[in-house]
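What follows draws every value from the coordinates through simple rules; no lab data is involved. All figures in this text were calculated on a predicted structure; none of them were measured in a lab. Virtual Cβ from ideal backbone geometry, glycine too; neighbours counted across all protein chains shown.
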């Protein structure tokens, strides 16, 4: 018997509740989390989410990124998950006044991410088997990859429209970063949206909360995503402090993966690989704010207008209405131009520290162009 339902919120039309399960002859009383989607939601994406939870549940406890799957019903669009209980969100810890506490939090974030990557390196075939078992088309569902490829196709034209020079090497970096969704030397499991809003810290450590678009990709994408979304949460804090927190996170991650990827123990090598992935995430979040022609609204416009998820309008290459409706739930997404300008400034600083003058200059110019168009 289920009792005491507690609404935990949810993305879009998703319902997430905590329920209490009464004691019975087979188990003690406990709480579970039930996630339910409308039955008209796209089924293949839901099969991918089920596969992600199933795969993660098979991992050793110390490497498991979050909740375990208890049961699922693909036809009814229902997931039953273990309850992680209460804790503090990473967002709360990062926006507090205690810098030492924030350093410890981001170090734990990097460590948990590294443990997940180290434990899942080489496991992609097992994940793909779970995908095929649920739906033959589930492997095709990779919304962020589609968004990234579309964003890349717009890069040169958008920069020219902003009167920003387009160095071929920077375009090449962006192309290489797009390939990290399907290729790369460091492929490992990712829960995908690993920003502060989706991280809980409790007695069990760091817990990644949402596997909606989970799957395998190059781990460098995850670390760069963490850098970008972490810095966004800290956008009002002194840049030197943001840099310190980023370094603490990356150092903790590198310590966990150095045995399987020894080349990344070299700080310079890692920094340069992270730059390309970071460029991708910063550019993608910028594309979601740019009006790319005279007719097409930005994702921010759609969110502000309460755009119906059932609409057929395509935004920045989104392949489905579900993607359009859910993009604004990503930790990467922002409708605040000041956050985007700060992301470009942080990318310029990171490129400068890595002795990449070309990328640094491009980021500075693009940030200045956005400031001119949006903030003056």
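With both residues required to sit in the chain, DSSP beta bridges show an antiparallel share near 100%.
Shape of region 44-102 from the C-alpha gyration tensor: prolate (a/c of 1.5 or more and a/b above b/c, with a ≥ b ≥ c the square roots of its eigenvalues).
When the alpha carbon gyration tensor of region 14-157 is reduced to an equivalent ellipsoid, the three semi-axes, largest first, read 27, 26, 17 Å. Computed over the chain, the P(r) curve from all C-alpha pair distances, binned at 10 Å from the origin, holds 5, 24, 34, 26, 10, 2, 0, 0 percent per bin. Classification of region 1-96 by its C-alpha gyration tensor yields a rounded form. The axis ratio a/c (a ≥ b ≥ c) stays under 1.5. Seen against the Cα atoms of the chain and their longest principal axis, helix 124-134 is set at about 60 degrees. With respect to the chain, whose longest principal axis is taken over its alpha-carbon atoms, helix 219-233 is tilted by about 80°.
When 213, 374, 253 are sorted by how many other C-beta atoms sit within 10 angstrom of their C-beta, beginning with the fewest, the order is 374, 213, 253. Against the chain, whose longest principal axis is taken from its Cα atoms, helix 43-57 shows a tilt of about 80°.
Using helices alone, I'd like the mean residue ellipticity at 222 nm for the chain: each DSSP H run of four-plus residues gives -39500 (n - 2.57), total over residue count, nearest 500. My calculation for the chain gives -15500 deg cm²/dmol from helical runs alone. The P(r) of region 105-176 has a tail past 21 Å containing 58 percent of all C-alpha pairs.
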